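Read through the structure below, which is laid out as structure tokens, and then see the notes.
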Number of protein chains: 4
Amino acid sequence: MAAGSTFGKNFRVTTFGESHGAALGCVIDGCPAGLPLSADDIIPYMKRRKPGQSEFTTKRNEDDEPEILSGVFEGRTTGTPIAIMIRNKDQHSKDYSEIASYYRPGHADYTFDEKFGFRDYRGGGRSSGRETAARVAAGAVAAKLLSELDISVHAYTRSIGPVEISGYDAGESNDLYMPEHEAYMKASEYIRELMEKKDSAGGVIECVASGVPAGIGDPVFDKLSACLAHAVMSIGAVKGFEIGDGFESAKRTGLENNDVFVSENGHVKKRTNHSGGILGGISDGSDIVFRCAVKPTASIAATQQTVNKDGDNIEISIRGRHDPVIVPRAVVVVEAMAAVTIADAILSDSCDRLEALRGR
Amino acid sequence: MAAGSTFGKNFRVTTFGESHGAALGCVIDGCPAGLPLSADDIIPYMKRRKPGQSEFTTKRNEDDEPEILSGVFEGRTTGTPIAIMIRNKDQHSKDYSEIASYYRPGHADYTFDEKFGFRDYRGGGRSSGRETAARVAAGAVAAKLLSELDISVHAYTRSIGPVEISGYDAGESNDLYMPEHEAYMKASEYIRELMEKKDSAGGVIECVASGVPAGIGDPVFDKLSACLAHAVMSIGAVKGFEIGDGFESAKRTGLENNDVFVSENGHVKKRTNHSGGILGGISDGSDIVFRCAVKPTASIAATQQTVNKDGDNIEISIRGRHDPVIVPRAVVVVEAMAAVTIADAILSDSCDRLEALRGR
Amino acid sequence: MAAGSTFGKNFRVTTFGESHGAALGCVIDGCPAGLPLSADDIIPYMKRRKPGQSEFTTKRNEDDEPEILSGVFEGRTTGTPIAIMIRNKDQHSKDYSEIASYYRPGHADYTFDEKFGFRDYRGGGRSSGRETAARVAAGAVAAKLLSELDISVHAYTRSIGPVEISGYDAGESNDLYMPEHEAYMKASEYIRELMEKKDSAGGVIECVASGVPAGIGDPVFDKLSACLAHAVMSIGAVKGFEIGDGFESAKRTGLENNDVFVSENGHVKKRTNHSGGILGGISDGSDIVFRCAVKPTASIAATQQTVNKDGDNIEISIRGRHDPVIVPRAVVVVEAMAAVTIADAILSDSCDRLEALRGR
Amino acid sequence: MAAGSTFGKNFRVTTFGESHGAALGCVIDGCPAGLPLSADDIIPYMKRRKPGQSEFTTKRNEDDEPEILSGVFEGRTTGTPIAIMIRNKDQHSKDYSEIASYYRPGHADYTFDEKFGFRDYRGGGRSSGRETAARVAAGAVAAKLLSELDISVHAYTRSIGPVEISGYDAGESNDLYMPEHEAYMKASEYIRELMEKKDSAGGVIECVASGVPAGIGDPVFDKLSACLAHAVMSIGAVKGFEIGDGFESAKRTGLENNDVFVSENGHVKKRTNHSGGILGGISDGSDIVFRCAVKPTASIAATQQTVNKDGDNIEISIRGRHDPVIVPRAVVVVEAMAAVTIADAILSDSCDRLEALRGR
């Protein structure tokens, strides 16, 4: 049984679709009624993960057009499932026919075969990065819902390979989504060098959610931090997740790491935010801050050794159109998954207290 | 709604209980029938998280005696829910009465109050580390099930504060569960220094699961790596998770990071294991290797600033019995959550192929 | 995988326990914080399903004492899981040893063996009617929650065998929970006759929930009527369920069956209630009314043919203490499951509209 | 929160779509890999619920063309989600504009408004019978899966209004799906009379599943009978459900109702099937037999009283194209939901025993 295509308990996102099938998309069940929504809310998100926009992304032309099939009437959500479909258009299935016969290193070809007995090998099928298009569409809806509650979610590139930003320049805009000009220039040069070597790069994405009120998230298994980890680690190529100071906090002492509470004008605040906005799995009113590690693109043109389906040791060089670094395109995917997770936690939070229930 | 006390889809663990209530425990639903099981399988796990065993753990005496209430008949599981209860015994509720009035930095006091309107403040209530006793009991059952399938899960301390092991010495046994003698000695000294300062330490725990066959895990949201992240990040004090090379892989290139497949005697193997045993969310037959970051103990005796429930800025010094580092006691908790997650993934995997279904 | 011991999505009830194991009980996850609760709220419900209270119930003495293990602090629920345990006391395991060797007609002995390979045969194990004690405990908590929202749930015996009430006399109180004296007298006589023949009776239980506001329930798969059917049909021995006019409505015409809406003082009302309080799966503000069919007790002392585990055709006469009719004791179980289902639907309903979410 | 558009635990069906939106459809997650599947497997099921095929069904022309969007590669399922979309074509939205202003008796107009604040009023929106098209598509896939396991599911009309079949004639084929010629003739006459009065009829559908092995289903809340009740009661217009002898069994005695086990050639059989193929919630190897009550069509042209959105008491006569009886078209919907439920139970059943797990 492989029924793992639904995420969330109350804002539930189910995705479907393969890289080269007829279409991919999502069904969102549980979105409250009355939210203004149209394709125009989704298209800007789709464009951010669209390839072909810079020298660092594949030249594939996936001009993804999301079609809302249900759940919206007269410009507002009805409370019933919102289905969004994206037709697959630019399918060069022939490019991929060769990979049917062998297992690409760093890819899921082998594990899919072991699990299912065979696989849709065209472009990676269900394990393709293209699967994230459906996540982004769902994330756009979640972000719209959050924006109505004055919550924003924003992700950006923190590092590419060894190049890390040292600050955050809100005015900086570039095709790596890296908010510091100097780091951007260095990272660009780093990627270009790898492209010449037919190699690829990875990086770290950081995400900040602002405006989440204190009290969101569940205390035990469904800590908000654990659900965010689940959501973000479920993105292909993500190999690590940390909230607040994360792995750095493991090196600190309690005195250094504890965030002091202070009372300001009758409101409880934290002087620092080592916790990343979550204490005991529940939001503490500070910004929620997390990072994730994205591995270097597995599809590279350099020669690699591997095994074919007959069990022979062979050498391959992966052709086709691949991103030398997927971090810039993954930024919006991370943002989307964070938005879905926070929307779900907020909807799940509405009956924590008897008095809230009484007041309805 | 805070119904986040159940983990897993097919091997489902529900926990209950507060630090100073009558009892805590778990209900395991979905464990296959026929598994030999008794309290003797659980007690060794409970002992590993028991305090009072070294100079580095609280002197509380929680001699946890798990009682199996249901689901076992004539020494074997019956396929019905296995309830395990652990009575709370050594309750010094008076020690904690003071904390009812203020918010301890680094703790969930404030966020619980924001979420629920009030809280069981005795020993942290549901947010206490004591909650993990129920996880360990469930993990012992999962580990027993996995052992019948020749799968082992083993966790240990990789670092304490800045002190990291540089290798793995299987013969080394110590109260920090740190498998290298030199690192153990340094880490002990490091903790002692912090204890003198009434401060605390954090660290990193590593976990290895061996024997998991290729093909386990779901391709999209419920990737095995994502479920492990969810499980481990749901442990209080865990702030980061990484699988395989994790954050290091973000700095590597594709050529460095891809694991080459090789054919050995008709079997597909990987020459390296940067992936940590999971590709595309599905186990690849190699060891599953992950790490998590544990923050320094939030309860420290050093003076800290904070806010009380009246909104006054105050100074506190947390009394009572607290671990200067919780890493050693958390090792078995990480192992337990990993065992539960892998058991769940294996049970969920049984109907991936039509032919498997036919053969039953 | 047999992980079907949890009911509900937001008010989640997990039960455990066998007839003759150490204990049975439940864990309720998702109950809002702040609900006044103690064992005194639960005991009256337990007493209603207690045997030994009339000539028509088994003489077993199960004085069930529910112990709240967690989730309640200073007399109020904390929002964390409420575990309730009931120790098994009056266990005559020897009485049941014989049934280990054969399959009782009308019981789950055979199907458990087919499913699990073996079974806890003592008193029926998990398939015993005793399993419902845990449901009643959970139902008492749900009913307490509903009472705070001015919702009441009330069940009673509508018929025993061929004897059906023709009205409802609120003043009538008897050990069959049959709210009409004449029907009660006839039903008593009917049961006595069957007891002499070592035979047993069935009946129909009716349940009415008052005060449920309009708008509760989900439109498609989780219609409130469908969830009630699931809940009630999951009680052992229940073989049928109908809402409103149920099977009678299948014989009516549209004009006869449609409930006319009328406006009274600005409120929308229905002139009749053929729908049983639910339209399109969502509560319509009228009383929710449903009935269920309870089969005659399968355990009878009369001689029956069956098969033993060696495959021999044999004759048996079931000894031990059994109810000649379980309907009276099942009344509170039906009420409990209805309360749990409605509580769950109400908690799931809190985020249907964006404006509700904004207002929190 | 109204996230009730998913059914099933392991064979998970999520539906979407309104009567007059762009499209409706379903996503099936958890279908095993390797099942031969194409649109040709689905079309015959769609045709059975298609209107316009007889004098007794609406003249709307919904020639539903299911398009498989994902999850099938080279004619076989891949183990990933199967999305099926059906475009809405014959939309006479103007026909329905009037009903935006008032609440149709017997419909969900009022309850949707109460729940969501507004509704897609065109043709009933999400509460339209058209929603079942997506269920039928999913049911066709489930039926295909079951057929590979030699399990068949077959539903038919048992009664229309007061006219009930007295036997089953497999050779009889008619537009009411009523398997007895004489009853069919009487029922036809009965419906024609009601059509003249602008009134409508209800009826009872019976369903038989053959070939389900013993041991399927869960013992407590997810009894196979309870899940079937949930599935079937979730179909709009269904008001009652009974398994085996159902409500009749409530009038019987234990001796009459118990099914005697007999040993035949080493196999355990039941001499009768009062239980309807399920004992203790688990299949017993006999045919699974259940019935459900379908209320008369709520949309009738006869004059009815009701309330408009301004709170005025008004008289209405529902125009547009409506079935005078929906039973014949609901037959395949019942069959579909039964197939989905049984497929889900079978997939959930695969790990009941340790030895089964070992053998994989």
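The values are calculated or read from the model by the stated rules, or taken from the named source; none is laboratory data. Because the structure is predicted, anything quoted here is derived from the model rather than measured. For neighbour counting, all protein chains shown are included, and Cβ atoms are generated from backbone atoms with ideal geometry for every residue, glycine included. Each accessible area value is taken on the protein alone, full model and side chains, heavy atoms only, with ligands, DNA and RNA left out. Shrake-Rupley method; radii C 1.70, N 1.55, O 1.52, S 1.80 Å.
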Quiz item: Quick one: label points 7 angstrom along Cα→Cβ at C:Lys198, distances to the other copies in nm, smallest first?
Solution: 6.4, 7.9, 8.6
Practice problem: Identify all aspartates and glutamates with a Cα-Cα distance to D:Lys270 below 13 Å; exclude those on the same chain that are fewer than 8 residues away in sequence. | Solution: D:Asp259, D:Asp284, D:Asp287
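In the protein assembly as shown, what percent of the accessible surface is made up of carbon and sulfur (1.4 Å probe, ligands and nucleic acids excluded)?
Details: 20700 of 44650 Å².
Result for the protein assembly as shown: 46 percent of the exposed heavy-atom area is carbon or sulfur.
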Quiz prompt | Per residue, in Å², the accessible surface of the protein assembly as shown once ligands and nucleic acids are set aside, probe 1.4 Å | solution = 31
Quiz item: Using a label point 7 angstrom from Cα along Cα-to-C-beta, what distances in nm, from shortest up, separate A:Ser166 from the other copies?
Solution: 3.1, 9.5, 9.6
Self-check item: Peptide-level mean, for A:323-329, of C-beta atoms on other protein chains within 10 Å
Solution: 1
Self-check item: Nitroxide proxy distance, nm - points 7 Å out along Cα→Cβ at C:Phe118 and A:Ser38
Solution: 6.8
Quiz prompt | Summed side-chain charge close to B:His181 - residues other than B:His181 whose Cβ falls under 9 Å, Lys, Arg +1, Asp, Glu -1 | solution = -4
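On average, how much area does the Cα convex hull of chain C cover when viewed from any direction, in nm²? Intermediate values should be presented prior to the final figure.
Details: hull surface 82.7 nm².
Projected over every direction and averaged, the Cα hull of chain C covers 20.7 nm².
Per-residue mean of other chain beta-carbon atoms within 10 angstrom of the beta-carbon, peptide D:65-73?
Working: counts 0, 0, 2, 3, 11, 14, 8, 4, 10.
Shielding by partners across D:65-73 averages 6.
Per DSSP helix of 4 or more residues, -39500 (n - 2.57); summed, then divided by the residues of chain D. What does that give at 222 nm, rounded to the nearest 500? Please report the intermediate quantities before stating the final value.
Working: 10 runs with 102 residues, N = 360.
So the calculated ellipticity at 222 nm is -8500 deg cm²/dmol.
List the trypsin sites (Lys or Arg not before Pro) within segment A:256-318 that fall in a DSSP loop (any state other than H, G, I, E or B) and whose Cβ has at most 15 other Cβ atoms within 10 Å. Before the final figure, lay out the partial values.
Details: sites: A:Lys269, A:Lys270, A:Arg271, A:Arg291, A:Lys309; in loops: A:Arg271, A:Lys309.
Here the trypsin sites (Lys or Arg not before Pro) that fit, given the DSSP loop and packing criteria, are A:Arg271, A:Lys309.
Averaged across C:262-275, how many Cβ atoms of other chains sit within 10 Å of each residue's Cβ atom?
Values: counts 4, 8, 3, 1, 1, 2, 8, 1, 5, 2, 1, 0, 4, 6.
Per residue, the number of nearby Cβ atoms from other chains is 3 on average.
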Quiz item: Given DSSP loops and a limit of at most 12 other Cβ atoms within 10 Å, what is the longest stretch of chain C that contains no such GluC sites (Glu not before Pro)?
Solution: C:75-360
Quiz item: Looking only at C:Tyr190, C:Tyr156, C:Tyr45, which one moves most when chain C is put into a Gaussian network model with springs between Cα atoms under 10 Å?
Solution: C:Tyr190
Quiz item: Which of A:Ala137, A:Ala33, A:Ala201 moves most in a GNM of chain A, Cα contacts under 10 Å?
Solution: A:Ala33
Quiz item: Taking chain D as a Gaussian network, Cα atoms linked when under 10 Å apart, which of D:Ala143, D:Ala301, D:Ala336 shows the biggest mean-square fluctuation?
Solution: D:Ala301
Quiz item: Taking the label point as lying 7 angstrom from Cα along the Cα-to-Cβ axis, what are the distances from B:Asp63 to the corresponding position in the remaining copies, in ascending order and in nanometres?
Solution: 3.2, 7.6, 8.2
Exercise. Set the Förster distance to 30 Å, then compute FRET efficiency between C:Gln53 and C:Ser166 from the Cβ-Cβ distance, nearest 0.05.
Key: 0.70
Exercise. For C:Ile282, list long-range residues whose amide hydrogen, built 1.01 Å from N in the peptide plane, is under 5 Å from its own amide hydrogen.
Key: C:Leu224
Practice problem: First measure r as the distance between the Cβ atoms of A:Glu148 and C:Lys198, then evaluate 1/(1 + (r/R0)^6) with R0 = 51 Å and state the FRET efficiency to the nearest 0.05. | Solution: 0.15
Quiz prompt | Farthest toward positive dipole pole in segment A:44-202 [+1 Lys/Arg, -1 Asp/Glu at C-beta], among A:Thr157, A:Ser127, A:Leu146 | solution = A:Ser127
Exercise. Taking a cut-off of 22 Å between Cα atoms, list the lysines near B:Lys89, but don't count ones fewer than 8 places away on the same chain.
Key: B:Lys47, B:Lys50, B:Lys59
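For the pairing of chain A with chain B, what total accessible surface becomes buried, with a 1.4 angstrom probe, in square angstrom to the nearest 100? Intermediate results must be reported in sequence, preceding the final value.
On the way: alone 17850 and 17830 Å², together 27250 Å².
So the buried area, both faces added, is about 8400 Å².
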Practice problem: Please grab the % of Cα pairs in the protein assembly as shown that end up more than 63 Å from each other. | Solution: 10
Quiz item: How far is the Cα center of segment D:161-179 from the Cα center of segment B:236-293, in Å?
Solution: 62
Quiz item: If you plug each phi of segment C:212-224 into the Karplus form 6.51 cos²θ - 1.76 cosθ + 1.60 with θ = phi - 60°, what whole-Hz ³J(HN,Hα) values come out, in order, with x for Gly and Pro?
Solution: 6, x, 5, x, 9, x, 9, x, 10, 6, 9, 3, 4
Quiz item: Within the set D:Lys223/D:Lys251; C:Lys144/D:Lys309; B:Lys9/C:Lys223; D:Lys239/D:Lys309, which residue pairs have Cα atoms separated by over 31 Å?
Solution: C:Lys144/D:Lys309
Quiz item: Percent of alpha carbon pairs in segment B:212-301 separated by more than 17 Å?
Solution: 55
